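Step one of this worksheet: look at the structure below.
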Amino acid sequence: MPVQVMGILNLTPDSFSDGGQFLDPGRALIQARAMIGAGADSLDLGGESTRPGAEPVPLEVELSRVIPVITAIRAESRIPISIDTLKPQVARAAIEAGASVWNDVTALGSPGAMNLAAELGCDVVLMHMKGEPRTMQAAPHYEDVVAEVASFLQARADQAMAAGVVRSRIWLDPGVGFGKSLAHNLTLMTHLDQIVALGFPVLLGVSRKRFIQSLDPFGTEPADRLGGSLAAALAGARAGVAAVRVHDVRETVQALKVWEALT
Ligand code: HH2
């Protein structure tokens, strides 16, 4: 199966990479069309940044950012839409507006989230995060990062299934950059096969992330991290991830096509 490409559309003023660019719904729709044209298999829309240090966003604000754009995309395209939110109310409204995936960086950790995911019948992405965005990069500590992330994800998947989420709807994500040092991120990315071995499709989010700058000090601007993003996406492909979540859809689609032809 070719690795799927999920295009990121952040409808926020403060996302680390594209913050402020797509807050206007008209611009967001143009970017959605561009990513669809570039070969995205799905789009991931978010109205609340989860970058390190980000402040929470009120419910009404998040709803007003994401729902009109989901409705507008759905009016002209059948592309699967994922909603990146930790709020059950936003997930419900987004699914009702035409999204089909709930991408939750807290792995359905909000009260009632597991039952709601079962009720909605949508796909769910369960991501690992240590701590919360405001403070998660303070001093993350693990005895064994791969084993801890794997057992967390397995436990959350088990809880989701116990709540009624169908197994085939569950995706796992190791959460690169979420409460992890450079060493933790690299250890996880070189042992992704152990997350893949849990038997669920894995989504990998490495696009433009800060670990790239740690390895290449010239990559200070997120948009200057394309080479590193592609290298990490291909490493994920080799480990067997099912999808990558990216800002640069066209370049990632091309890199994966060439890599797939060569392997
Ligand atoms: N990374 C970010 C946000 N959501 N969801 C999943 N499943 N996996 C990830 O790795 C992931 C995610 C952070 O990146 P971005 O959306 O570009 O920035 P921000 O959170 O600042 O909006």
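Only one entry in ILE73, ILE79 is within 17 Å of the chain's Cα centre (by Cα) and more than 18 Å from GLU132 (Cα to Cα), namely ILE79.
Could you tell me whether ILE83 is farther than 27 Å from LEU182 by Cβ and at pLDDT 95 or above? Steps first, answer last, please.
On the way: farther than 27 Å from LEU182 by Cβ: yes; at pLDDT 95 or above: yes.
Yes; evaluated as a whole, the condition is true for this residue.
Out of curiosity, is ALA242 on the phi < 0 side of the Ramachandran plot, aliphatic (A, V, I, L, M) and away from the ligand (no atom under 15 Å from the Cβ)? The answer is no for ALA242.
Are any residues in the range 39-57 assigned to a loop (DSSP other than H, G, I, E, B) and open to solvent by less than 60 Å² (accessible area, probe 1.4 Å), and if so, which ones? Passing the criteria: GLY39, ALA40, GLY47, GLU48, SER49, THR50, PRO52, GLY53, ALA54, VAL57.
For the range 178-195, indicate whether the set of residues that are within 13 Å of the ligand (Cβ to nearest atom), more than 17 Å from VAL241 (Cα to Cα), touching a helix residue (DSSP H, G or I) at 6+ places or on another chain (Cβ under 8 Å) and open to solvent by 10 Å² or more (accessible area, probe 1.4 Å) is non-empty.
Checked the range 178-195: no residue is within 13 Å of the ligand (Cβ to nearest atom), more than 17 Å from VAL241 (Cα to Cα), touching a helix residue (DSSP H, G or I) at 6+ places or on another chain (Cβ under 8 Å) and open to solvent by 10 Å² or more (accessible area, probe 1.4 Å).
Taking the conditions (1) within 9 Å of the ligand (Cβ to nearest atom); (2) closer than 19 Å to ALA94 by Cβ; (3) in contact with a helix residue (DSSP H, G or I) (Cβ under 8 Å, 6 or more places away or on another chain) in turn, ALA28 satisfies each one other than (1).
Look at the range 149-168: where a residue is modelled with pLDDT of 95 or more and a partner is open to solvent by 50 Å² or more (accessible area, probe 1.4 Å) and not aliphatic (A, V, I, L, M), sitting 6+ places away or on another chain with Cβ atoms under 7 Å, you get ALA150/GLN194; MET161/ARG167; ALA163/ASN115.
Among the residues of the range 205-230, those that are of a type in the set (A, V, I, L, M, F, W, C) and either within 16 Å of the ligand (Cβ to nearest atom) or surrounded by 21 or more Cβ atoms within 10 Å (Cβ to Cβ) (or both) comprise VAL206, PHE211, ILE212, ALA223, LEU226, LEU230. Taking the listed residues MET129, MET161, the one that is aliphatic (A, V, I, L, M) and within 15 Å of the ligand (Cβ to nearest atom) is MET129, with no other qualifying.
Output yes when any residue across the range 23-38 is open to solvent by less than 20 Å² (accessible area, probe 1.4 Å) and of a type in the set (Asp, Glu), and no when none is. Scanning the range 23-38 turns up no residue that is open to solvent by less than 20 Å² (accessible area, probe 1.4 Å) and of a type in the set (Asp, Glu). Selection over the range 113-135 of residues that are outside any helix (DSSP H, G or I) and open to solvent by 50 Å² or more (accessible area, probe 1.4 Å) gives a count of 5.
GLY20 meets all of the listed conditions (1) out of contact with any Pro (no Cβ under 6 Å at 6 or more places or on another chain); (2) in a loop (DSSP other than H, G, I, E, B) but one, namely (1). Of everything in the range 58-98 that is polar (S, T, N, Q) and assigned to a loop (DSSP other than H, G, I, E, B), the residue that is most open to solvent (accessible area, probe 1.4 Å) is SER77.
Quick check, is MET161 open to solvent by 20 Å² or more (accessible area, probe 1.4 Å) and either under 30 Å from ALA97 (Cβ atoms) or under 16 Å from the mean Cα position of the chain (by Cα) (or both)? So MET161 fits the description; yes.
Take the conditions open to solvent by less than 30 Å² (accessible area, probe 1.4 Å), modelled with pLDDT of 95 or more, on the phi < 0 side of the Ramachandran plot and over 16 Å from the mean Cα position of the chain (by Cα) and apply them to VAL146. Does it pass? Yes: the conditions hold for VAL146.
The values are calculated or read from the model by the stated rules, or taken from the named source; none is laboratory data. Here the structure is a predicted model, which means the values were calculated and not measured. Cβ: placed from backbone, ideal geometry, glycine included. Neighbour counts: every protein chain shown. Only protein heavy atoms, including side chains, enter the accessible area calculation; ligands, DNA and RNA are left aside. Shrake-Rupley method; radii C 1.70, N 1.55, O 1.52, S 1.80 Å.
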